[in-house]
Structures are given as C-alpha cells and as structure tokens.
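What follows is a set of notes on a single structure, which appears directly below.
No value in this document is a laboratory result; all are computed from the given coordinates. Please read all numbers here as calculations on a predicted model, not as lab measurements. Every residue, glycine among them, receives a Cβ derived from its backbone with ideal geometry; neighbour counts consider all protein chains shown.
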Amino acid sequence: MDYGKFKYETSQRAKESRKKSGSVSLKEMKYRPKIGQGDFDTKTAAVGKFLSEGHKVKITIMFRGREVFHPELGREILERVAVLIENVGKVDQFPKLDGRNMTMVLSPDKQAQLKNKNNDAESVDKSNSK
C-alpha cells in the first residue's frame, strides 16, 4: 500500500466520523420574575422550537433589586416552563441560584418527541375516519 492511498483512506474515515457526529449547541432564553403571560407564552414557544430542532436550552431568570429575595418566584416560572415543554424536552440541570440569576438547562427528549408525534398521527387518523 502506498502512502497516498493510506492518507486518502484516513481522511475519508475522519470525514465520515465528522458527518455522523452531530453538534449540539446551547441556546439561552432569559425570563424575568414579573414576566407577562404573552411574553411567557412567546418565549416558551421559542424554547419548544429550539428543543424540537435538537438544541439544548439554558433558561435564565434574571433578578433585579429586591427580587433576589424571592427566589420562589423564579423557581415557579422554571417549573411552569418545564411542565409546558415536557412533550419535547426534559430537565437536564435542575434550577439553581447563581448570584442574581437562576438557571436551568433543558435537553431534547427523543422518546417524548416520538410519542408526541405518534399521538398526533393517531388523532389525525381518528379525525379523518369520522
């Protein structure tokens, strides 16, 4: 075997392994403790979209002034987000307080997404058969 052929085959194997490996990026969504319902719904829909695309999402609650003395408000928002996105993702890192910010990391959940798609397909089949 000559050196050129060896070099070519190694580069092809490296290229193939890079193609198979997927890169997961980390997106961040920032909330505030006094967020309105419309803003909450919009941001949570964006989080669901990021998760369905396969990205991890870091959710940050930013506290200003005296809000930091009420971390239960931030925890309540994070729990609401976790409940709303349970059909596309799961909690990877549970909420923790870092100074004036509370963070939680969500990751995509392939089994939940597949189950959700199957349920959607079944409901469409049932509505078409009526």
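Cross-link list K58/K96; K58/K90; K34/K115; K90/K115; K19/K115; K20/K56: which exceed 23 angstrom alpha carbon to alpha carbon?
K34/K115; K19/K115
Return the loop-located GluC sites (Glu not before Pro) in the stretch 3-77 (DSSP other than H, G, I, E, B) with at most 14 other Cβ atoms within 10 Å of their own Cβ; answer none if there are none.
When the GluC sites (Glu not before Pro) of the stretch 3-77 are filtered for loop state and at most 14 Cβ neighbours within 10 Å, E53 remain.
For the stretch 1-61 and the stretch 85-114, what is the separation of their C-alpha centers, rounded to whole Å?
14 Å
Taking every DSSP beta bridge that has both residues in the chain, what percent is antiparallel when rounded to the nearest 5?
70 percent
Among the aspartates and glutamates, which have Cα under 15 Å from the Cα of K27 when same-chain residues fewer than 8 positions away are ignored?
Straight-line reach from K27, under 15 Å: E53, D92.
On a 0 to 90° scale, report how tilted helix 71-84 is relative to the longest principal axis of the chain, with both axes built from alpha carbons and the result rounded to the nearest 10.
50 degrees
If I stretch the segment between K7 and D39 completely, what's the gain in nm (0.36 nm per residue apart, minus their alpha carbon distance), one decimal?
In short, 6.1 nm is gained.
Using alpha carbon coordinates only, what is the Rg to Rh ratio of the stretch 5-109, with Rh defined as the Kirkwood radius?
We get a ratio of 1.21 for the stretch 5-109.
Arranged from highest to lowest average of other beta-carbon atoms within 10 Å per residue, in what order do the peptides 40-47, 91-98 appear?
Answer by packing, highest mean first, reads 40-47, 91-98.
Measure nothing but the geometry: give the 0 to 90° angle between the long axis through the Cα atoms of 37-52 and the longest principal axis through the Cα atoms of the chain, rounded to 10°.
20 degrees
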